[in-house]
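The values are calculated or read from the model by the stated rules, or taken from the named source; none is laboratory data. What you are looking at is a predicted structure, and each value in this text was computed from that prediction instead of being measured. Positions of Cβ are backbone-derived with ideal geometry, glycine not excepted, and every protein chain shown enters the neighbour counts. The accessibility values were calculated without ligands, DNA or RNA, using every heavy atom of the protein model including side chains. Shrake-Rupley method; radii C 1.70, N 1.55, O 1.52, S 1.80 Å.
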Amino acid sequence: MNRAQENRDDKVSLVEMGPRDGLQNEAATLSLVQRLELIARLAESGLQRIEVGAFVSPKKVPQMADSAALFDALPRKVATRYGALVPNLQGLQAAIAARADEIGLFTACSDGFTRANIGISVEESLVRFAPLVQEARSLGIKVRGYLSTVIACPFDGPTRPKRVAAMAERLLDLGCHEISLGDTIGVGTPGTVAPMLDAVLHEIPAGRLAVHFHDTYGQGLANLLPALERGIRTIDSSVAGLGGCPYAPGASGNVASEEVVYLLHGLGMSTGVDLDKLAATGQWVSEQLGRPNGSRVGRALHANAERLRTRLCQPSPHSSPH
């Protein structure tokens, strides 16, 4: 039975991944104070869903080691939801204690990727997650299911669309309120993304789906179009294009938030995000990390702002000396 529902709403929700998915894959590590400032800047730009940390082994992901302290220091705003990634029961308990508004659970369509990432098979991950979802829901905490390698796996090769649909449906049946479909290594094109989405939408309404496209081959923005055309209105993105994938050498980070907002506003869609503030945040965090700004929109807006500032600082040719 086709459970897909057409969604003509022009309001799009962005889930900002930079502070978690982005930073955990960056070579440099930001201090707790810097991470707090990044999150505050992102919230000030209008982003209302921000994944800020991960309760994972600090030995494996040192960039997320102080997530508990980060959550404790966050300014709590009614309009802003702070999310955390958890891999197991211990991580869930830590996220609950930290008062995370939403938790994310990770699995993939391929055994190769889940074994490399969390040391177990896809089936074992679903067994592990079942009690976690039940516990979180009993406390009123929403659970987001991340489904990686929806186009291809660096270990197992291409992923069949029917496999993605089956896995997404299992996550939904497990109790996840939203499924984020991730092209983890960024190899997708609209030609491969469209049939994958059609297969998933045959089983799951568009309102329960999000898309998460990495930009390794420069296709991130293009891949958003078939998702938008099919009524999907939740997009994962990362300010300044932060991040990558430790299991896919050369993989870029999630599609840059600045690029996504620029595209959506150009299509006449609403995001609630101030693009200038977002771009300034992307430039700031890039400088803190000592890396180039990964957003072309961000770089263009920064260059325009610098030219305007230079022009304003120059004396007028008609001004008279004092």
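In this rough spin-label picture, where each label sits 7 Å from Cα along the Cβ direction, the SER270-ALA303 distance is 3.4 nm. Approximating the spin labels as points 7 Å out from Cα along Cα→Cβ, the ASP198-to-GLU229 distance works out to 1.0 nm.
Ligands, DNA and RNA left out, the 1.4 Å accessible surface of the chain is 53% carbon and sulfur atoms. Inter-label distance, SER121 to GLN134: 2.2 nm, where each label sits 7 Å from its Cα along the C-beta direction. Taken per residue, the accessible surface of the range 171-215 reaches 25 Å², heavy atoms only and a 1.4 Å probe. Rounded to the nearest 500, the helix-only mean residue ellipticity at 222 nm of the chain stands at -13000 deg cm²/dmol, with each DSSP H run of n ≥ 4 adding -39,500 (n - 2.57).
Averaging the sequence gap over all C-alpha pairs within less than 8 Å and six or more residues apart, then dividing by the number of residues, gives the chain a relative contact order of 20 percent. Length available on full extension from ARG296 to ARG76: 0.36 nm per residue minus the Cα-Cα distance, which gives 76.0 nm. As a calculated quantity, the FRET efficiency between ASP10 and THR189 at R0 = 30 Å, using C-beta atoms, amounts to about 0.75.
A Förster radius of 51 Å combined with the Cβ-Cβ distance from GLU169 to CYS313 puts the calculated FRET efficiency at roughly 0.30. Greater than 32 Å separation of Cα atoms is the criterion. Which listed pairs, LYS142/LYS162; LYS11/LYS77; LYS11/LYS162; LYS142/LYS277; LYS59/LYS277; LYS11/LYS142, meet it? Those over the limit are LYS59/LYS277. With 28 Å as the cut-off, how large is the P(r) tail for the range 13-310, expressed as percent of Cα-Cα pairs? Everything past 28 Å amounts to 31 percent.
Take the alpha carbon atoms of the range 174-195, find their center, do the same for the range 113-136, and report the distance between the two centers in whole angstrom. The range 174-195 and the range 113-136 have Cα centres separated by 18 Å.
The stretch between GLU37 and GLN93, if pulled fully straight at 0.36 nm per residue, gains 17.6 nm over its current Cα-Cα span. Scaled against 2.2 N^0.38 Å for its residue count N, the alpha carbon radius of gyration of the range 148-213 is 1.01.
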